[in-house]
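The values are calculated or read from the model by the stated rules, or taken from the named source; none is laboratory data. Quick caveat: nothing in here was measured; it's all calculated off a predicted structure. Cβ placement follows ideal geometry from the backbone for every residue including glycine, while neighbour counts extend to all protein chains displayed.
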Amino acid sequence: MSHQPVRFRPGGSDPHVEADWHAGWPSSKHDPAPEIQSHAADEHTIIMRQNKSVNYEAPFMFLLFGNDAALLVDTGATPQAQYFPLRAVVDTHIAEWLTRHPRSEYRLIVAHTHGHGDHKAADAQFADRPDTTVVGTAIDAVQAFYGFDDWPETSRELDLGGRVVDVVPGPGHHMSATVFYDRWTQLLLTGDTFYPGRLYVDDWDAFAATVDRLVAWCEAHPVSHLLGCHVEMSVQPGVDYPRGWTYQPDEAALPMRVEQLVALQAAVREIGGAPGIHKYDDFHIWYEV
């Protein structure tokens, strides 16, 4: 089947990332919303969120289409397809994209921002999917797949077929964490390293180095928005929703700005590795020794 390749020139998209995200329901049992909400940031970029009524973590997932392959970043917090039909939703999005952009062959790469369970739970749904690679989350699997030989010093490129995604090492919250920079939308997908919520630090020195690395990346590359994988802050500065809540009617917006990342860098330097819960307007930093 012949096809016309999409020209994914850097900065060619002005992604629409603001969305009316479903933030749970007063009674989870009676929530009328679907298990997964999808939002098209542009024709070639889908942002998905797991319903808080299915799992309170309500992680975000990202689906990026290139000419040769699609990239799914993270697989959510629930393994069972009957409660969380991620593969069915992803397959539908891919089928719709291929209707507009026919291909004789098309691959799916399932990758992760890091290896915590609420970001990889549905991996098994893709285990028997044809033309699909599921990237492991152990540090050796991550380094081998992307070709890291100097982890965590420099980034690597992942070419989806004209659409290039830079994979930036991001340990600190998790030892094999990665951050994805999409040159087409100029979105920086920061996983659990940076988002409007509680930033849990496992390795302080690695986390501080990652924050410095990301600030330097933003100084060297145009970044439209930073998108993490959760929202836990409310619209009231400095106030978060308690862990485990399944309804956040006044939650903060998902997109963050480079200026807020710089504020995180300043906070990390101010804290200096002191254990505790450190509260700031747009995020909290949790560090326990």
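Can you name every residue in the range 126-163 that is within 14 Å of residue 73 (Cα to Cα), in contact (Cβ under 8 Å) with a residue 12 or more places away in the chain and not hydroxyl-bearing (Ser, Thr, Tyr)? Selection gives 126, 134, 135, 142, 158, 160.
Among the residues making up the range 38-54, those that are buried (at least 19 other Cβ atoms within 10 Å of the Cβ) and either without any contact (Cβ under 8 Å) to a residue 24 or more places away in the chain or not in a strand (DSSP E or B) (or both) are 44, 51, 52, 53, 54.
When restricted to residues that are crowded, with 24+ Cβ neighbours inside 10 Å, hydrophobic (A, V, I, L, M, F, W, C) and free of Cβ contacts under 8 Å to residues at least 60 places away in the same chain, the range 62-98 contains 3.
Looking only at residues in the range 197-238 that are among the aliphatic types (A, V, I, L, M), assigned to a loop (DSSP other than H, G, I, E, B) and touching a residue at least 24 places away in the same chain (Cβ under 8 Å), the one that is nearest to residue 279 (Cα to Cα) is 231.
Got a sec? Which of 202, 182, 166 is closer than 30 Å to residue 233 by Cα and surrounded by 21 or more Cβ atoms within 10 Å (Cβ to Cβ)?
Selected residue: 182, the only one of 202, 182, 166 that is closer than 30 Å to residue 233 by Cα and surrounded by 21 or more Cβ atoms within 10 Å (Cβ to Cβ).
May I ask you to verify whether residue 151 is of a type outside the set (Ser, Thr, Tyr), surrounded by 18 or more Cβ atoms within 10 Å (Cβ to Cβ), at pLDDT 95 or above and part of a loop (DSSP other than H, G, I, E, B)?
no
When 215, 239, 211 are checked against the criterion of being surrounded by 22 or more Cβ atoms within 10 Å (Cβ to Cβ) and over 25 Å from residue 16 (Cβ atoms), 211 stands alone in meeting it. Being at pLDDT 95 or above, surrounded by fewer than 17 Cβ atoms within 10 Å (Cβ to Cβ), under 17 Å from residue 225 (Cβ atoms) and under 23 Å from the mean Cα position of the chain (by Cα) is a property that residue 33 lacks.
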